[in-house]
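Presented below is the structure to which this report refers.
Derivation of every value follows stated rules applied to the coordinates shown; laboratory data play no part. Because the structure is predicted, anything quoted here is derived from the model rather than measured. Quick reminder, even Gly has a Cβ in these numbers, built from the backbone with ideal geometry, and neighbours come from all protein chains shown.
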Amino acid sequence: MPGEARGIDDGGGFYREPLLYDVINTPGTAGEVDALERLARRYAPPAPWRWLEPGCGTGRYLRVLRGRGHAVAGYDALPGMLDYARARLARWPDGWALAAGTFCGAAPDLPPAEVAFCPVNSLRHLRDDEAVIAHLGQVARLLAPGGVYVVGLDLHAPDAVPDEDAWTGARGRLQVRQVVQYLPPEGGSRRERVIVQVVVRRPGGERYHGWSYDLRTYTDAQWSALIAAAGWRRVATADDRGRPVAPDGPLTYQYEILRPDR
């Protein structure tokens, strides 16, 4: 999650280098936005929508959404990320707003949004229930009446085993390869260890990056209890293409569609 505050483990790394982050993460963004739009059509108030992304980073989702004609807003704690996002959004003279703001601090000054979203396990960077509750309160204050919050996360399976993902990205003569290993919690812990290795290739040579951080784990029961304690309710659960699924189905990456009780 591009953004930092008390209660967050961001792991450093890419969050300090916006260009590298954008190169490795932008491929596939349009398909993810397809799923988010599908969910908005089903669960959000009638269009037009303003979209809000906490911890927006380089603005890769906001760029795709703005290019499709949506009004967008986002916030992030890292000035370098916000500068990069503003520069890439500058091709559109209006219809977007960015602000400085931490992921679980005071709500930044942004217009109300009908759809807020937090994909790819970003919420799991928050270290404890108190931080998540603070964050959900922040988002609730930024939602328009009837608005929804779409959270993308992997729920924890007790029989989870170590796993690995790899991504590559390129922009011009810059090439980036990332390998990520996931080590399940041990001994009753709720911390999944994430180990990241990156190779950056430019015409002048190669550079290696390596770092690690933890993601907090949630079973379905723990997640359900937490959102209820924060004053939210689960509207629906969907798969990574935005298709509804049973909330107690196979544990995998999913979208949780939430609405505050107010």
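Segment A90..A246, full-extension length gain: 52.1 nm, with 0.36 nm per residue of separation and the alpha-carbon distance subtracted. Considering helices alone, the calculated mean residue ellipticity of the chain at 222 nm is -7500 deg cm²/dmol, with DSSP H runs of length four and up weighted by -39500 (n - 2.57) and normalised per residue.
Hey, what did the chain get for relative contact order, percent, Cα under 8 Å, at least 6 apart?
For the chain, the relative contact order is 19 percent.
Amide H to amide H distances under 5 Å link V72 with W51, W96, A97, where only residues 5 or more positions off or on other chains count and H is placed in the peptide plane.
In this structure the amide hydrogen of W232, modeled in the peptide plane, comes within under 5 Å of the amide hydrogens of D261, none closer than 5 places in sequence on its chain. The packing ranking of peptides 135-147, 26-38, highest mean first, is 135-147, 26-38, where packing means the average number of other beta carbon atoms within 10 angstrom of each residue. 3J(HN,Hα) along the stretch 155-165: 7, 7, 9, x, 9, 4, 10, x, 9, 8, 10 Hz, from the Karplus curve 6.51 cos²θ - 1.76 cosθ + 1.60 with θ = phi - 60°, whole Hz, x for Gly and Pro. Computed from backbone phi with θ = phi - 60° and the Karplus coefficients 6.51, -1.76 and 1.60, the 3J(HN,Hα) list for the stretch 38-55 is 4, 5, 4, 4, 8, 10, 8, x, x, 5, x, 10, 9, 9, 10, 10, x, x Hz; x is used for glycine and proline.
Sequence-ordered 3J(HN,Hα) estimates for the stretch 145-152 from the Karplus curve with 6.51, -1.76 and 1.60 and θ = phi - 60° stand at x, x, x, 10, 10, 9, 10, x Hz, glycine and proline given as x.
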